[in-house]
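Step one of this worksheet: look at the structure below.
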Amino acid sequence: MQLTSFTDFGLRALIYLATLPEGELASITKVTDVYSVSRNHMVKIINKLGQLGYVETVRGKNGGIRLGMAAKDIVVGDVVRAIEPLQIVNCSEDFCHITPACRLKGILSTAREAFLHELDQHTLESLIDDNPPLRVLLDVPTEPLN
């Protein structure tokens, strides 16, 4: 299973924000620079993550973005469910004439649920906790300041 770039960079943005000291704001430009992604694409991603409550945006001269909730409360599976189109194949009868007798759709559904079950075992905090090499690669303090 391959995630869309939207979900991929959404998770990456959350990882970056989670490595920052608590309450510290980052700019969307900084996030786009860290991951070499277009600013336009990242703006859309941050907007969606903000709508879902995962990211808080602060407007104004000293504004920016930060996590909208604690990293320990952000379950990777929940994020993926919220932003990833999880339909692996199109099994509508209008699209595929074997749908009524097809066993593949059940297998794919079971596989998708197993995939999500594994993601549900991990929080954003578990991805960054005790991971100094990640902090170095993201150019953030190697020890959290909180």
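The values are calculated or read from the model by the stated rules, or taken from the named source; none is laboratory data. Everything numeric in this text was worked out from a predicted model, so none of it was measured. Glycine also receives a Cβ, built like all others from the backbone with ideal geometry; neighbour counts cover every protein chain displayed. When the accessible area is computed, the model is the full protein with side chains, heavy atoms only, and any ligands, DNA or RNA have been set aside. Shrake-Rupley method; radii C 1.70, N 1.55, O 1.52, S 1.80 Å.
Measure off, as a whole percent, the carbon and sulfur share of the 1.4 Å-probe accessible area of the chain, all protein chains present. The nonpolar share, carbon plus sulfur, comes to 52 percent.
Taking a Cβ cut-off of under 12 Å around Phe6, the surrounding Lys, Arg, Asp and Glu residues balance to a net charge of +1, with basic ones at +1 and acidic ones at -1. Labels on offer are (1) -0.64, -0.87, -1.13; (2) -0.62, -0.93, -1.29; (3) -0.62, -0.78, -0.95, and the one holding log10 I(q)/I(0) by the Debye sum over Cα atoms at q = 0.13, 0.16, 0.19 Å⁻¹ computed from this structure is (1). Under the convention that each Lys and Arg Cβ holds +1 and each Asp and Glu Cβ holds -1, the size of the dipole of region 29-144 around its Cα centre is about 520 debye. Between the Cα long axis of helix 104-119 and the first principal axis of the chain there is an angle of about 20°, rounded to the nearest 10.
As a test of the formula, what do you get for the chain when each DSSP H run with n ≥ 4 contributes -39,500 (n - 2.57) and the sum is divided by the residue count, at 222 nm and rounded to the nearest 500 deg cm²/dmol?
Working: 7 runs with 72 residues, N = 146.
Dividing the helical sum by the residues of the chain leaves -14500 deg cm²/dmol.
A simple rule links phi to the HN-Hα coupling: the Karplus curve 6.51 cos²θ - 1.76 cosθ + 1.60 with θ = phi - 60°, which for region 52-69 gives 7, x, 6, 10, 10, 10, 10, 7, x, 4, 9, x, x, 10, 7, 4, x, 8 Hz, with x for Gly and Pro.
When you filter the GluC sites (Glu not before Pro) in region 70-146 for DSSP loop state and at most 13 other Cβ atoms inside 10 Å of their Cβ, you are left with Glu93.
Note on Phe95/Ser5: beta-carbon distance plugged into 1/(1 + (r/R0)^6) with R0 of 25 Å gives a FRET efficiency of 0.55.
On a per residue basis, the chain carries 61 Å² of accessible surface, using protein heavy atoms and a 1.4 Å probe. With a Cα cut-off of under 23 Å and a minimum spacing of 8 residues unless on different chains, the lysine pairs in region 20-146 number 6.
Sorted by packing (mean other beta-carbon atoms within 10 Å per residue), highest first, where do 64-71, 9-16, 78-85 land? Intermediate values should be presented prior to the final figure.
Values: 64-71: 17.9, 9-16: 22.0, 78-85: 16.2.
Answer by packing, highest mean first, reads 9-16, 64-71, 78-85.
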